[in-house]
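**Q** Pasting in a structure now, in structure tokens, and then I'll have a few things to ask.
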Amino acid sequence: MSFKPYESKPITRLAHRITGNDVVQALPECTYAIRVDEADVFFKAYTPPVAGDYVVYLNDDDVYHCTAEVFRERNIVGDEPDTN
């Protein structure tokens with residue numbers, strides 16, 4: 001088997017950073033709900049989402065949780081205020 005390197009396409013992600021004021025509700029099957037811009041957003045999470053983490057929106061069928069650490073490794077975040 002032969003592997004060769006491929007460059008990734010740069011993309012811009014839509015994401016909401018969870019704050020201490022957000023209410024995150026656990027639902028069955030690793031699904032959670034959060035209210036963003038007056039709309040309920042449902043997303044998948046395999047570890048409990050906490051303040052400082054992100055909810056990433058790719059499309060209506062692909063919304064997921066990303067820890068703050070992983071999100072900062074993969075995206076340019078800059079200096080954001082404390083989430084509490």
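Rule-based calculations on the coordinates, nothing more; no lab input. Note that this is a predicted model, so its numbers are computed, not measured.
**Q** With θ set to phi - 60° and the Karplus curve 6.51 cos²θ - 1.76 cosθ + 1.60, what are the ³J(HN,Hα) couplings of the stretch 41-58 in order, to the nearest whole Hz, using x for Gly and Pro?
**A** Along the stretch 41-58, the couplings run 10, 9, 8, 8, 8, 10, 10, x, x, 10, 3, x, 6, 10, 10, 9, 10, 9 Hz.
**Q** In whole Hz and in residue order, list the ³J(HN,Hα) couplings for the stretch 29-37 that follow from phi through the Karplus curve 6.51 cos²θ - 1.76 cosθ + 1.60, θ = phi - 60°; x for Gly and Pro.
**A** Result, rounded to whole Hz: 6, 6, 9, 10, 10, 9, 9, 10, 6.
**Q** If you don't mind, another one. Collect residues whose amide H, placed 1.01 Å from N in the peptide plane, falls under 5 Å from the amide H of A15; neighbours closer than 5 in sequence don't count.
**A** Distant-sequence amide H within range of A15: Y57.
**Q** In the Gaussian network model of the chain, springs joining C-alpha atoms below 10 Å, which of E73, E38, E29 carries the largest mean-square fluctuation?
**A** Evaluated over the chain, the most mobile residue of the options is E38.
**Q** Would you mind giving the three semi-axes, in whole Å and largest first, of the ellipsoid equivalent to the stretch 14-74 according to its Cα gyration tensor? Mind showing how you got there, number by number?
**A** On the way: eigenvalues 48, 33, 30 Å².
Semi-axes from the Cα gyration tensor: 15, 13, 12 Å.
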